[in-house]
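Computed from the coordinates by the stated procedures, all read-outs in this text should not be read as laboratory data. Remember, predicted model here, so these are calculated numbers, not experimental data. Using ideal geometry, Cβ is built from the backbone for each residue, glycine included, and neighbour counts are taken over all protein chains shown.
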Amino acid sequence: MSRYKSFIIFILAFGVFGIINTEMGFIGILPQLANRFDVPLSQAGLLVSLFALAVAISGLFMPLLLSGINSKTSMLLVMGLFSIAGFVSVYAPTFEVLLIARIIPAFLHPVFFSVAFVAAANSVSKEYVTRANSRIFMGVTAGMVIGSPIATLLADVLTLQASLYFFAIINAITFIAILIFIPSMPVKEKLTYGSQLGVLRKPVVWISIITMIILNAGMYTTFSFFAEFLDGITGMSGKQISLMLLVFGATGFIGNILSGVLLHKRAMLTALVYPIIFGILYLLIYVLGDYSIPMTLLIAVWGMLYTLGLNLCQNSITTAAYEAPTFANGLFIAFGNLGISFGTFVGAAFINDFGTRSIIWAGILFMVLSFVFIAVRAVRYSPKKAQA
């Protein structure tokens, strides 16, 4: 892979970081936003929940609607809207204006993801596609694990406006970088909406979708309550939990690198082994969750498996619906978010009924179910037609 192509993929990953940072970064500053606009914390939470809902809904149709547009134009449209909405957020006079500035760009969130993955794949030769996608996922990892602590720190040390500026500036930088450095990427062969929707008639696509929902649920039924588990079970302090998040994120980058190699060479074997290894990890967390040092090591492995799982889900749906790559990535975003919501709901239910430690059993259950669907795909469908 040439340096120029690597630079293009870096810009795409940086854009993904900016968008995920904009989505997840608000979690850490919700209390300050609630105070600024004098609204209950539950109402301020709409800034996160409605954003996620908009992403889940739009992922089903927005990438499809814009699939015929030049990829560079689509990315500039998305980053331009995110930048404008970011600066509007800094000076929003009311909570309602801030909420609107959050929701409107959220509907284009899946578009950038879909186009970024397709653009990354088209910029390299076939043997480097999985590695290119894994580098895009580095932006996801950075946005989820690094973005929120930075935004929170800026709000605590400087001002809430400084934190909001951070979101807007990152997206503005990406807009400029795409404008200057990314070449025009016209659609070589425009697919009709009907031909793209036609992939939904393939059973392997629905098996991949169901697997993706279950696998994401299995990851988030525990990860959504990461801090609560470390606080209530392991007995870690707030600073220690923050450090564990950084460990989780750092090893997540390693998971991205591993996925680029494993999914290229042994995609189906990796998919089959993955839920087994994750299930074993969950069992070890259940047994050793009370002890800080073992948990630190387990969290390091957890971070690697987490990002490997994201790559696995994306690879699964895009190889099943290879005829419509942009639409396939939209499905990945939409149903991936559905799995996150479902897993979080199940995790909360387990905590309410059986206590915090019980979320580990919920995670194991989801991993068992995901293994069943992965095995069904492996047995019923040829790797030549669906590589993962």
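General observations
- Total charge dipole magnitude, the chain, about the Cα centre, Cβ charges on Lys, Arg, Asp, Glu only, Debye to nearest 20: 1460
- Within the set (i) 29, 60, 11; (ii) 26, 53, 21, 1; (iii) 20, 40, 30, 10, 0, the number that P(r) over Cα pairs in 20 Å bins from 0, in percent takes when calculated for this structure is listed as (i).
- Summing Lys and Arg as +1 and Asp and Glu as -1 over all other residues whose Cβ lies under 12 Å from the Cβ of ILE257 gives a net charge of +2.
- Listed peptides 16-25, 320-329, 80-89 by packing density, highest first (mean Cβ within 10 Å): 16-25, 320-329, 80-89
- Theoretical ellipticity at 222 nm over the chain - DSSP helices of four or more residues, -39500 (n - 2.57) apiece, nearest 500: -26000 deg cm²/dmol
- Farthest towards the positive end of the charge dipole of the chain, among the residues ILE103, PHE354, GLN32, is the Cα of ILE103, using unit charges on the Cβ of Lys, Arg, Asp and Glu.
- Cβ-placed point charges (K, R +1; D, E -1), dipole of segment 62-196 about Cα centre in debye, nearest 20: 400
- Cβ-based charge dipole, the chain, positive-most Cα from ASN329, ASN122, PHE175: ASN122
- Gyration tensor (alpha-carbon) shape descriptor, segment 286-367, a/c threshold 1.5: oblate
- Projected label distance in nm at LEU243 and ASP290, using a 7 Å step from Cα toward the beta-carbon: 2.2
- Two-site label geometry, ILE27 and ILE173: point separation in nm, points 7 Å out along Cα→Cβ: 2.2
- Projecting the Cα atoms of PRO186, VAL157, GLN240 onto the dipole axis of segment 143-254, where Lys and Arg carry +1 and Asp and Glu carry -1 at the beta carbon, places PRO186 farthest toward the positive end.
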